[in-house]
Amino acid sequence: METLLLWPEGAPGALGASEEDQPAITPYLVEGQGNAAVLVCPGGGYAMRADHEGGPVAEWLNTLGISAFVLRYRVAPYQYPSALLDAQRALRMIRFRADEYGIDPDRLGILGFSAGGHLASTAGVSYDLGNPDHPEPLERLSSRPDRLILCYPVISMTEGVTHQGSKENLLGAVPDAELSLKLSSEFQVTPDTPPTFLWHTSDDDYVPVENSLLFAAGLSRHKVPFDLHIYAHGVHGLGLAPEEPHTKTWTDACASWLQLNGYTRA
């Protein structure tokens, strides 16, 4: 499988030259032109990236006629803003190579699990439309995802709601209060935040369900369309949840939402 480095000459703030210092995307393309696409951000507490939340999810999206790109973003010892820069760069790069990949650059979503959900939500509330004066054409393009898919996401950096490990890996052991607020996505929603699909389990004992509820409340306040699905049971980190007869239906609900949003093939 092809892996495309986001910064072939070296990522900003790179601490070395190993694979973990080189953020990249792995494309999972469907045939044809003008396909919708989704950037997939596996979870892992900003300490690692869970394999079962990467490739298998991209392959599922392919069955819907959606091209997918799995993001290898930087994790600890890297801290904010490295992972966000990686996600933003990936969204720009996919748009830049849209013709080559058969992608519609105006139907580009981002999907994330757990800490990857925090990264996806942050990309959805902290984007820019590109720098028109940048010497690199890629950097002139927007980093705004058109849709968000957040799967048992870490949303908040506030005490009692956040996942402490993700927070410490992202912001350090004693994070700045203002930065913690900035990276609590529930407080950063605006009317321009992309339409969102969320799912969580009510008994998640790792990332509290309040994370999804708070983000949905923020979307509601700003009249941003969203689908919210809370399932009664399921441990954290289910991915596609193939062994959970009830919870695994999240993929059907998400496929229906993607169809409603014009992302799947008719």
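What number comes out for accessible area per residue over the stretch 1-144 if the probe is 1.4 Å? Units Å², please.
Numbers: 5550 Å² over 144 residues.
About 39 Å² of surface per residue is accessible.
What a 1.4 Å probe finds exposed on the stretch 1-158 is 52% carbon and sulfur by accessible area, rounded to a whole percent.
Placing Lys223, Lys167 in order of accessible area, with the largest value first and a 1.4 Å probe, yields Lys223, Lys167. Accessible surface computed residue by residue for the stretch 169-249, with neighbouring protein chains in place and a 1.4 Å probe, gives 50 Å² per residue. Among Glu159, Glu53, Glu168, the largest mean-square fluctuation in a Gaussian network model of the chain (Cα springs under 10 Å) belongs to Glu159. Can you compute log10 of I(q)/I(0) for the stretch 131-234 with the Debye formula, treating each Cα as one identical point scatterer, at q = 0.18 Å⁻¹? Log10 of I(q)/I(0), two decimals: -0.92.
Given a 1.4 Å probe and every protein chain left where it sits, what share in percent of the accessible area of the stretch 166-243 is carbon and sulfur? Could the numbers behind the result be given before it?
Values: 2120 of 3740 Å².
Ligands and nucleic acids excluded, carbon and sulfur reach 57 percent.
Is the C-alpha gyration tensor of the chain telling us rounded, prolate or oblate? Criteria: a/c under 1.5 is rounded; beyond that, a/b larger than b/c is prolate, otherwise oblate. Could you put the intermediate results ahead of the total?
Working: a/c = 1.38, a/b = 1.08, b/c = 1.28.
It is rounded, given that a/c, with a ≥ b ≥ c, falls under 1.5.
Once all protein chains are placed together, Trp250 keeps about 0 Å² accessible to a 1.4 angstrom probe.
Do the sum for the chain: with -39,500 (n - 2.57) for every DSSP H run of n ≥ 4, divided by all residues, what is the mean residue ellipticity at 222 nm, to the nearest 500 deg cm²/dmol? Each step should come with its number before you reach the end.
Values: 8 runs with 76 residues, N = 266.
Theoretical 222 nm ellipticity from helices: -8000 deg cm²/dmol.
Excluding same-chain neighbours fewer than eight residues apart, the aspartates and glutamates reachable from Lys223 by a Cα-Cα span under 20 Å are Asp146, Glu186, Asp192, Glu210. Over the stretch 17-124, the fraction of Cα-Cα pairs per 5 Å bin, rounded to whole percents and listed from the shortest bin up, is 3, 14, 26, 25, 18, 10, 4, 1. A simple packing score, the average count of other Cβ atoms within 10 Å per residue, orders the peptides 202-213, 40-51, 146-157, 95-106 as 146-157, 40-51, 202-213, 95-106, with the highest score first. The heavy atoms of Ser180 present about 10 square angstrom of accessible area, all protein chains included, probe 1.4 Å.
The values are calculated or read from the model by the stated rules, or taken from the named source; none is laboratory data. Predicted model, so just to flag it, every value in this text is computed and none were measured. Every residue, glycine among them, receives a Cβ derived from its backbone with ideal geometry; neighbour counts consider all protein chains shown. Calculation scope for accessible area: heavy atoms of the full protein, side chains included, ligands and nucleic acids excluded. Shrake-Rupley method; radii C 1.70, N 1.55, O 1.52, S 1.80 Å.
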